[in-house]
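Working notes, structure below.
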Amino acid sequence: MERAQIKSLLEIIDQQVSSSILGGMEEQYEELETLGYVRINREAVQWSSSITPEGMHFLHTYE
């Protein structure tokens, strides 16, 4: 995933308290989780994610 794509997805997640993971997007969210930028809640029926401090740092420092 390109840095601009990462920033775009993090911006969406940041605007929501918890971002539902829509079908077909699991791979992108899992990549963000691997990078440490989001945390995925897999215990709910509909998986959701929340941005981590590392994700916030990337979001605010990426030009």
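The values are calculated or read from the model by the stated rules, or taken from the named source; none is laboratory data. Please read these numbers as outputs of a predicted model, since none were measured by experiment. Cβ coordinates were reconstructed from backbone atoms using ideal geometry, including for glycine residues, and neighbour counts include every protein chain displayed.
Summary table below
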{"quantity": "Every residue from segment 18-63 that is assigned to a strand (DSSP E or B), of a type in the set (S, T, N, Q) and out of contact with any Phe, Trp or Tyr (no Cβ under 9 Å at 6 or more places or on another chain)", "calculated": "Ser48, Ser50"}
{"quantity": "Subset of segment 15-42 that is acidic (Asp, Glu) and at pLDDT below 90 - its residue that is surrounded by the fewest Cβ atoms within 10 Å (Cβ to Cβ)", "calculated": "Glu27"}
